[in-house]
Amino acid sequence: MTQLSLSTSAAAKAKTDALVVGVTSGANGLSLAAGAAEVDAALGGQLLSILRTVGATGKPGELTKIGDAGATRATVIVTVGLGPAPLAGEPYAAERLRTAAGAATRSLIGTESASLALPGDTAEETIAVVEGALLGAYAFNRYRTREGAAKEPVGTVTVHSPKARDKYVRAGTERAEALVAGVLLARDLVNTPASDLHPADFADISLTTLKGVSGVTVEVLDEAALARDGYGGIVGVGQGSVHPPRLVRISYSPARARRDAKRALPHLALVGKGITFDSGGLSIKTADGMTTMKCDMSGAAAVLGAVLAVARTRVDLRLTAYACLAENMPSGTAIRPSDVLTMYGGRTVEVLNTDAEGRLVLGDGIARASEDKPDLIVDVATLTGACMIALGERTAGVMSTRDSARDLVVAAAGRAGEQVWPLPLPEEMRSKLESGIADTTNVGNRYGGALTAGLFLSDFVGPDLEWVHMDIAGPAFTDKPFGYTSRGGTGFAVRTLVALAEDLASRTT
């Protein structure tokens, strides 16, 4: 990951390949943002004039690169648009700074060093710049072999801020580094082709990644154990592939809890959909519909990334996570439309569409997580195209049978900077899942598909437990980079899950 440092020194005097400052738009046109004054002075007060000449507007994320004729020690000056300036005395919104800093570092791929002098008059602003800069500094080069084709993310980033020595900023920077490590882990997993990431590979990566992380234990159930213990959904979805399924169970507890077994801590359970490739099974997808289906394990990737970040930042709660892993392929051994599966816990499901497989593996995971009696279960899944139709490509749907539980996740996502929107689970839609021969079917009709999927999952939640479903089908993967997000896997939901864990932990402090 990119090396980060904080500095109170003047950015205009920094020896760097790229010097990044912010500009704003508004009623008075283009203006300099806080942090840019010293650079402007080095240019003889001509920075705005130069920018206006080349057509800069200051709109959010707009990047402009200019030379400085030796006025600073930087090779190039980069300005990034912040949009309208906040009202006098008000700080910049954290997500606006994350986006700007990330857009800048993402544009500097192949650059050795960058110095950022963006607004940082408050500790919160500085931490937002740090987080955004690290999120934007990402590249997936594993499969690039041509000379010059692989460009590494910016090597070192220095964030210049008057708050650089603030203890809160230092702590926030440590958190940001752990958080981004979790996001980038999820991105790497999602970007890896399915030929190199079968269920067993994901399980092995989980073991390797979390080995030696304090407070974390990992258990892997192979296909024999899954069949023995009655995980009919995971086994059923995976039986069409030559690469057998896995269930990864990860447990985390902080050191204080391990020393004092009687100490009650909040307990959060996470369940991630981990379909390492989704062909649709016998209900096969179109060729175009398969091209991005290596991303169908984004929920499990997000869960693994979140566990890593929570453990590294020593969040004061118990966390149990389940990665439900299978490859959904068509073959002579694949499940058929009309087959009936007996899920973990005994509930039976008539499979009407083998391309509605994610809810089958999640049903097993949620039922197993319920046995741990957590305070809250959150499942994360690239579950339905219907959610993308409803909310677009950058917003996740959040559903629960209890509004209070759903609102916890929505609030955490808002602070984390991830776009989510609450969706209902209308009781009258349960009738769409009625089966003539089993307890339920796995699909309803074409209307409200995201909602019937959520209702299906709700039936696997244990009595009196709180549960939230996150459908991340839209924002988990992008063909077009934006802000601090590169093309491909986004690592969406990692930051929300970590923020949620911190929120739950704060109830006991």
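What ranking do 214-224, 445-455, 60-70 get when scored by the average of other Cβ atoms within 10 Å per residue, highest first? Please report the intermediate quantities before stating the final value.
Values: 214-224: 16.5, 445-455: 20.3, 60-70: 14.5.
Highest to lowest by the protection proxy: 445-455, 214-224, 60-70.
By how many degrees, 0 to 90 and rounded to 10, does the Cα axis of helix 199-210 deviate from the longest principal axis of the chain? Rounded to the nearest ten degrees, it is 50.
With both labels modelled 7 Å from their Cα along Cα-to-Cβ, the THR57 to LEU207 distance reads 5.4 nm. Packing-based ranking of 142-155, 327-340 yields 327-340, 142-155, ordered from highest to lowest mean Cβ neighbour count within 10 Å.
Using only the Cα atoms of the stretch 145-302, build the gyration tensor, take square roots of its eigenvalues as a ≥ b ≥ c, and label the shape rounded, prolate or oblate: rounded if a/c is under 1.5, else prolate if a/b is larger than b/c, else oblate.
Details: a/c = 2.64, a/b = 1.26, b/c = 2.09.
Oblate.
Local charge sum around GLY274 (other residues, Cβ-Cβ under 12 Å, Lys/Arg +1, Asp/Glu -1)?
On the way: positive: ARG246, LYS273, LYS294; negative: ASP201, ASP278, ASP296, GLU327, GLU357, ASP364, ASP379.
That works out to -4.
Shape class of the stretch 1-126 from the alpha-carbon gyration tensor: rounded, with the ratio a/c of largest to smallest axis under 1.5. Only the Cβ atoms of Lys and Arg (+1) and of Asp and Glu (-1) were treated as charged; on that basis the dipole of the chain about its Cα centre amounts to roughly 1220 debye. Sorted on the mean count of surrounding Cβ atoms within 10 Å across their residues, most packed first, peptides 157-168, 402-413 read 157-168, 402-413.
Where a ≥ b ≥ c are the square roots of the eigenvalues of the C-alpha gyration tensor, would you call the stretch 401-505 rounded, which needs a/c under 1.5, or, failing that, prolate if a/b is larger than b/c, or oblate? Since a/c reaches 1.5 but b/c is at least a/b, the shape of the stretch 401-505 is classed as oblate. Looking at the stretch 3-160, the DSSP beta bridges with both ends there are about 20 percent antiparallel. Could you please state, rounded to a whole Å, how far the C-alpha centre of the stretch 134-186 is from the C-alpha centre of the stretch 304-337? The stretch 134-186 and the stretch 304-337 have Cα centres spaced 25 Å from each other. Against the main long axis of the alpha-carbon atoms of the chain, helix 494-506 sits at an angle near 90°. Residues SER431, SER283, arranged from fewest to most other Cβ atoms within 10 angstrom of their Cβ, appear as SER431, SER283. Using the Cβ-Cβ distance between ALA93 and SER214 with R0 set to 51 Å, the FRET efficiency works out to roughly 0.90.
First select every other residue whose beta carbon is under 10 angstrom from the beta carbon of ALA381; then total the charges, Lys and Arg +1, Asp and Glu -1. Taking every other residue near ALA381 into account, the sum is -1.
Each Lys and Arg contributes +1 and each Asp and Glu -1, all at the Cβ; summed about the Cα centre of the stretch 286-362, the dipole is approximately 420 debye.
The HN-Hα couplings worked out from phi for the stretch 269-277 by the Karplus form 6.51 cos²θ - 1.76 cosθ + 1.60 (θ = phi - 60°) are 10, 10, 10, x, 6, x, 7, 5, 7 Hz, whole numbers, x standing for Gly and Pro.
Look at the dipole of the chain built from charges on Cβ: of THR75, GLY230, THR145, the Cα furthest out on the positive end belongs to THR75.
For the cross-link pairs LYS151/LYS294; LYS13/LYS65; LYS59/LYS285, the ones whose C-alpha atoms lie over 29 Å apart are LYS59/LYS285.
Arranged from fewest to most other beta-carbon atoms within 10 Å of their beta carbon, THR57, THR382 become THR57, THR382.
Annotation for the stretch 200-230 versus the stretch 446-460: alpha-carbon center distance of 29 Å.
Using alpha-carbon positions, what is the distance between the centroids of the stretch 484-499 and the stretch 363-386, in Å? Here the two parts' Cα centres lie 19 Å apart.
Looking only at the chain, where both bridge partners belong to it, what percent of the DSSP beta bridges are antiparallel (to the nearest 5)? It would help to have the intermediate numbers written out before the result.
Working: 28 of 75 bridges.
Once the DSSP bridges in the chain are tallied, antiparallel ones form about 35 percent.
Values quoted throughout were computed directly from the atomic coordinates according to the rules given, and no laboratory measurement underlies them. Source: prediction; values computed, not measured. Here Cβ is always computed from backbone atoms with ideal geometry, including for glycine, and neighbour counts include all displayed protein chains.
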